[in-house]
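Working notes for the structure below.
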Ligand SMILES: Nc1ncnc2c1ncn2[C@@H]1O[C@H](COP(=O)(O)OP(=O)(O)OP(=O)(O)O)[C@@H](O)[C@H]1O
Ligand SMILES: [Mg+2]
């Protein structure tokens with residue numbers, strides 16, 4: 001299947017700072033690709049180059065088989081864009097704003113249909129100024145959807161929203177995505193990437209450091225589950241870590257987070273009894289024990305040694 005979007009070796013610097021080092025990516029029809037990364041990773045710079053709003057220093061971008069640099073105006077008729085920081089004229093109503101957006105495109109859906117899509121019928125005649133954060137995001141999303149785009153770019157579509165507003169936007173996007181309509185979104189929310197994306201590109205310091213389906217990334221980088229536990233009383237963590245290496249050969253990775261040990265392996269459900277046996281043998285008393293599912297946050301920590309949120 002031919003990709004709707006192909007970007008090769010994108011690079012962009014701002015003075016001495018290289019925001020995007022070397023990014024290549026593709027989006028296929030019907031696919032949602034999430035660029036997941038911490039603040040300053042280069043997500044907005046990347047997506048704005050793909051939208052034609054910033055020019056790369058080097059690299060190529062093809063959208064619908066056409067070169068973005070030379071054919072941007074014809075490409076944009078079938079593209080929707082929701083920026084990270086949208087500044088629209090705040091004294092226009094939702095309906096007026098959508099009428100303006102609809103006028104930019106050769107083909108667009110009726111304005112009332114777009115308003116209904118984001119469930120803003122009650123606020124159709126309200127100025128953007130008077131909308132709540134979640135309502136504003138929905139209005140901006142309606143603007144991005146007005147031309148029924150084949151390719152939709154969303155830069156942090158739900159940042160700052162409450163869980164209910166986020167879920168509403170997620171539902172809408174899942175409905176929008178069909179076999180020939182694709183989405184490229186950026187986010188630093190793991191749950192958003194897991195919920196919406198068919199494929200995730202983890203981005204850090206302007207580079208893609210891992211790519212795959214959410215499940216595939218978790219399984220290959222971390223293992224499906226993490227076994228977390230503590231021991232009662234004082235002990236030498238160093239000694240315990242070295243004994244784990246000797247006694248539990250199935251452990252792929254052992255980390256100490258505060259006082260809690262975190263062991264990763266492929267499948268650990270059956271390993272708890274082994275851990276209990278080894279603890280007994282070492283004269284240690286298990287204090288708390290929990291088997292939890294690995295997350296994309298674990299993937300990020302494993303790949304970078306840092307937490308996505310604290311960066
Ligand atoms: N116009 C600019 N001039 C100078 N530096 C910039 C400019 N735009 C971005 N940068 C820098 O480039 C880097 C990447 O920024 P970018 O906005 O792409 O990150 P991001 O991943 O979108 O972050 P966030 O999650 O905070 O939105 C940052 O260090 C930022 O300060
Ligand atoms: Mg950004």
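What the table below lists for this structure:
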{"item": "Meets criteria (buried (at least 21 other Cβ atoms within 10 Å of the Cβ), in the same structural domain as residue 204 (by TED's automatic domain parsing) and either within 16 Å of ligand 1 (Cβ to nearest atom) or not in a strand (DSSP E or B) (or both)) for residue 19", "result": "no"}
{"item": "Helices (runs of 4 or more DSSP H) lying entirely in the stretch 146-260 (those with 1 or more residues that are touching a residue at least 24 places away in the same chain (Cβ under 8 Å) and under 30 Å from residue 281 (Cβ atoms))", "result": "237-247"}
{"item": "Any chance residue 171 is in the same structural domain as residue 36 (by TED's automatic domain parsing), farther than 18 Å from residue 98 by Cα, away from ligand 1 (no atom under 16 Å from the Cβ) and modelled with pLDDT under 90", "result": "no"}
{"item": "Subset tally (residues that are touching a residue at least 12 places away in the same chain (Cβ under 8 Å) and over 23 Å from the mean Cα position of the chain (by Cα)) for the stretch 79-96", "result": "8"}
{"item": "The stretch 131-145, residues that are part of a loop (DSSP other than H, G, I, E, B) and either surrounded by 15 or more Cβ atoms within 10 Å (Cβ to Cβ) or within 16 Å of ligand 2 (Cβ to nearest atom) (or both)", "result": "131"}
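Results for (1) without any contact (Cβ under 8 Å) to a residue 24 or more places away in the chain; (2) in the same structural domain as residue 149 (by TED's automatic domain parsing); (3) more than 11 Å from ligand 1 (Cβ to nearest atom), shown as yes or no for each residue.
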{"position": "28", "(1), (2), (3)": "no, yes, yes"}
{"position": "43", "(1), (2), (3)": "no, yes, no"}
{"position": "50", "(1), (2), (3)": "no, yes, yes"}
{"position": "66", "(1), (2), (3)": "yes, yes, yes"}
{"position": "71", "(1), (2), (3)": "yes, yes, yes"}
{"position": "74", "(1), (2), (3)": "yes, yes, yes"}
{"position": "77", "(1), (2), (3)": "no, yes, yes"}
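The values are calculated or read from the model by the stated rules, or taken from the named source; none is laboratory data. Keep in mind it's a predicted model, so treat the numbers as computed, not measured. Cβ atoms come from the backbone with ideal geometry, glycine included; neighbour counts cover every protein chain shown.
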